[in-house]
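The values are calculated or read from the model by the stated rules, or taken from the named source; none is laboratory data. Since this is a predicted model, take the numbers as computed values, not measurements. Cβ placement follows ideal geometry from the backbone for every residue including glycine, while neighbour counts extend to all protein chains displayed. Keep in mind that these areas ignore ligands, DNA and RNA; they rest on the heavy atoms of the full protein, side chains included. Shrake-Rupley method; radii C 1.70, N 1.55, O 1.52, S 1.80 Å.
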Amino acid sequence: LRLPGLLHDAAASIGGTTTVLSMLFLGAALASVKLRALLEALSSITIIVLKMILMPLGAFFLLRWLIPSLALPIHALAPSVIAMQIAMPCQSVFAVLAQEYGGDADYAATVICITTAASLVTLPFIYTFMI
(Lines give C-alpha, C1' and ligand atoms only; values in the text may rest on other atoms or scores of the structure.)
Protein backbone atom coordinates (compact mmCIF):
# COMPACT_ATOMS: atom_id res chain seq x y z
CA LEU A 1 0.00 0.00 0.00
CA ARG A 2 1.52 3.28 -1.11
CA LEU A 3 0.51 6.38 0.80
CA PRO A 4 0.71 9.88 -0.67
CA GLY A 5 3.80 11.82 0.36
CA LEU A 6 2.18 13.88 3.11
CA LEU A 7 0.44 10.88 4.72
CA HIS A 8 3.60 8.79 4.45
CA ASP A 9 5.66 11.46 6.22
CA ALA A 10 3.06 11.80 9.00
CA ALA A 11 2.87 8.02 9.51
CA ALA A 12 6.66 7.73 9.54
CA SER A 13 6.93 10.47 12.17
CA ILE A 14 4.35 8.80 14.39
CA GLY A 15 5.99 5.40 13.90
CA GLY A 16 9.37 6.84 14.84
CA THR A 17 8.12 7.81 18.29
CA THR A 18 7.28 4.25 19.36
CA THR A 19 10.81 3.42 20.51
CA VAL A 20 11.11 6.60 22.54
CA LEU A 21 7.68 6.14 24.12
CA SER A 22 8.35 2.50 25.05
CA MET A 23 11.66 3.46 26.68
CA LEU A 24 9.91 6.23 28.64
CA PHE A 25 7.30 3.71 29.82
CA LEU A 26 10.00 1.22 30.84
CA GLY A 27 11.85 3.90 32.77
CA ALA A 28 8.70 4.92 34.61
CA ALA A 29 7.88 1.31 35.45
CA LEU A 30 11.43 0.61 36.66
CA ALA A 31 11.55 3.74 38.82
CA SER A 32 9.37 2.16 41.51
CA VAL A 33 10.83 -1.36 41.39
CA LYS A 34 13.43 -2.70 43.79
CA LEU A 35 15.81 -4.38 41.32
CA ARG A 36 17.96 -5.99 44.00
CA ALA A 37 15.07 -8.07 45.31
CA LEU A 38 14.07 -9.17 41.83
CA LEU A 39 17.64 -10.00 40.82
CA GLU A 40 17.80 -12.40 43.73
CA ALA A 41 14.42 -13.94 42.90
CA LEU A 42 14.38 -17.45 41.54
CA SER A 43 12.14 -16.45 38.62
CA SER A 44 14.75 -14.04 37.24
CA ILE A 45 17.46 -16.68 37.31
CA THR A 46 15.09 -19.23 35.77
CA ILE A 47 14.20 -16.87 32.92
CA ILE A 48 17.85 -16.19 32.16
CA VAL A 49 18.87 -19.84 32.25
CA LEU A 50 15.90 -21.23 30.33
CA LYS A 51 15.13 -18.48 27.84
CA MET A 52 18.59 -17.17 27.18
CA ILE A 53 20.81 -20.26 27.46
CA LEU A 54 19.04 -23.64 27.35
CA MET A 55 16.38 -22.90 24.71
CA PRO A 56 18.80 -21.35 22.18
CA LEU A 57 21.30 -24.17 22.61
CA GLY A 58 18.55 -26.78 22.38
CA ALA A 59 17.15 -25.20 19.22
CA PHE A 60 20.61 -24.93 17.69
CA PHE A 61 21.54 -28.56 18.25
CA LEU A 62 18.06 -29.81 17.28
CA LEU A 63 18.05 -27.86 14.01
CA ARG A 64 21.64 -28.79 13.28
CA TRP A 65 20.62 -32.44 13.53
CA LEU A 66 17.17 -32.10 11.93
CA ILE A 67 18.08 -30.20 8.76
CA PRO A 68 20.56 -32.78 7.38
CA SER A 69 18.47 -35.71 8.67
CA LEU A 70 15.42 -34.60 6.71
CA ALA A 71 17.50 -33.31 3.80
CA LEU A 72 15.81 -29.92 4.06
CA PRO A 73 16.92 -27.28 1.55
CA ILE A 74 17.88 -24.82 4.27
CA HIS A 75 21.17 -22.92 4.48
CA ALA A 76 23.63 -24.28 7.06
CA LEU A 77 23.68 -20.89 8.81
CA ALA A 78 19.95 -21.10 9.69
CA PRO A 79 20.37 -22.94 13.04
CA SER A 80 22.83 -20.29 14.24
CA VAL A 81 20.57 -17.42 13.21
CA ILE A 82 17.53 -18.99 14.87
CA ALA A 83 19.45 -19.74 18.07
CA MET A 84 20.71 -16.15 18.29
CA GLN A 85 17.17 -14.85 17.75
CA ILE A 86 15.87 -17.05 20.58
CA ALA A 87 18.70 -15.85 22.85
CA MET A 88 17.79 -12.18 22.46
CA PRO A 89 16.44 -10.31 25.51
CA CYS A 90 12.72 -9.75 26.05
CA GLN A 91 11.09 -7.08 23.91
CA SER A 92 10.12 -3.77 25.46
CA VAL A 93 6.56 -4.08 24.18
CA PHE A 94 5.89 -6.78 26.82
CA ALA A 95 5.69 -4.19 29.59
CA VAL A 96 3.28 -2.05 27.59
CA LEU A 97 1.10 -5.08 26.82
CA ALA A 98 1.17 -6.15 30.47
CA GLN A 99 -0.04 -2.70 31.49
CA GLU A 100 -2.71 -2.65 28.80
CA TYR A 101 -4.17 -6.05 29.67
CA GLY A 102 -3.97 -5.90 33.46
CA GLY A 103 -0.72 -7.81 33.97
CA ASP A 104 2.21 -6.94 36.20
CA ALA A 105 3.91 -4.20 34.19
CA ASP A 106 6.55 -3.61 36.88
CA TYR A 107 7.63 -7.25 36.75
CA ALA A 108 7.62 -7.21 32.94
CA ALA A 109 9.78 -4.08 32.90
CA THR A 110 12.16 -5.64 35.39
CA VAL A 111 12.47 -8.83 33.34
CA ILE A 112 13.19 -6.74 30.24
CA CYS A 113 15.93 -4.88 32.10
CA ILE A 114 17.42 -8.06 33.59
CA THR A 115 17.42 -9.98 30.31
CA THR A 116 18.97 -7.04 28.48
CA ALA A 117 21.77 -6.83 31.06
CA ALA A 118 22.22 -10.62 31.05
CA SER A 119 22.46 -10.66 27.26
CA LEU A 120 25.88 -8.98 27.57
CA VAL A 121 27.08 -12.32 28.93
CA THR A 122 24.69 -14.89 27.47
CA LEU A 123 24.87 -13.84 23.80
CA PRO A 124 28.66 -14.27 23.56
CA PHE A 125 28.29 -17.55 25.48
CA ILE A 126 25.71 -18.85 22.98
CA TYR A 127 27.82 -17.63 20.05
CA THR A 128 30.84 -19.61 21.24
CA PHE A 129 28.87 -22.84 20.82
CA MET A 130 28.16 -22.05 17.20
CA ILE A 131 31.68 -21.47 15.93
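Can you show me the helix-derived [θ] at 222 nm for the chain, built from DSSP H runs with n ≥ 4 at -39,500 (n - 2.57) apiece and divided by the number of residues, rounded to the nearest 500.
Value at 222 nm, helices only, nearest 500: -22500 deg cm²/dmol.
I'd like the carbon and sulfur percentage of the solvent accessible area for the chain, probe radius 1.4 Å, heavy atoms only, ligands and nucleic acids excluded. Before the final figure, lay out each step's value.
Working: 6440 of 8830 Å².
C and S atoms contribute 73 percent here.
Pick out the long, greasy-scoring helices in the chain: whole DSSP H runs spanning 18 Å or more along their own axis by Cα, mean Kyte-Doolittle at least 1.0. Please report the intermediate quantities before stating the final value.
On the way: long enough: 18-31 (20 Å, 1.92); 55-69 (21 Å, 1.28); 105-129 (34 Å, 1.38).
The qualifying helices are 18-31, 55-69, 105-129.
State in Å² the accessible area per residue of the chain; use a 1.4 Å probe, count heavy atoms of protein chains only, and round to the nearest integer. If you can, show how the numbers build up before the last one.
Details: 8830 Å² over 131 residues.
Computed with neighbouring chains in place, this is 67 Å² per residue.
Remind me, relative contact order of the chain in percent, using alpha carbon pairs under 8 angstrom and six or more residues apart?
Values: 100 pairs, mean separation 39.2, N = 131.
Relative contact order for the chain comes out at 30 percent.
Rounded, prolate or oblate for the chain? Axes are the square roots of the Cα gyration tensor eigenvalues, ordered a ≥ b ≥ c, and the cut-off for rounded is a/c under 1.5. Numbers along the way, then the final one.
On the way: a/c = 2.72, a/b = 1.20, b/c = 2.27.
Taking the square roots of the gyration eigenvalues as a ≥ b ≥ c, the chain is oblate.
Within the chain, what's the longest run with no trypsin sites (Lys or Arg not before Pro) in a DSSP loop and at most 11 other beta-carbon atoms within 10 Å? Give the range, please.
On the way: sites that count: ARG2, LYS34.
With trypsin sites (Lys or Arg not before Pro) excluded where exposed in loops, the chain gives 35-131 as its longest stretch.
From the square roots a ≥ b ≥ c of the eigenvalues of the alpha-carbon gyration tensor of segment 1-63, which class results: rounded (a/c under 1.5), prolate (a/b over b/c), or oblate?
On the way: a/c = 7.68, a/b = 1.56, b/c = 4.91.
Verdict is oblate for segment 1-63.
Determine the gain in length on full extension of the stretch ALA71-ALA10; use 0.36 nm per residue of separation and subtract their C-alpha separation, reporting nm with one decimal. Don't skip to the answer; put the middle values down first.
Details: separation 61, 0.36 × 61 = 21.96 nm, distance 4.76 nm.
Gain on extension, ALA71 to ALA10, equals 17.2 nm.
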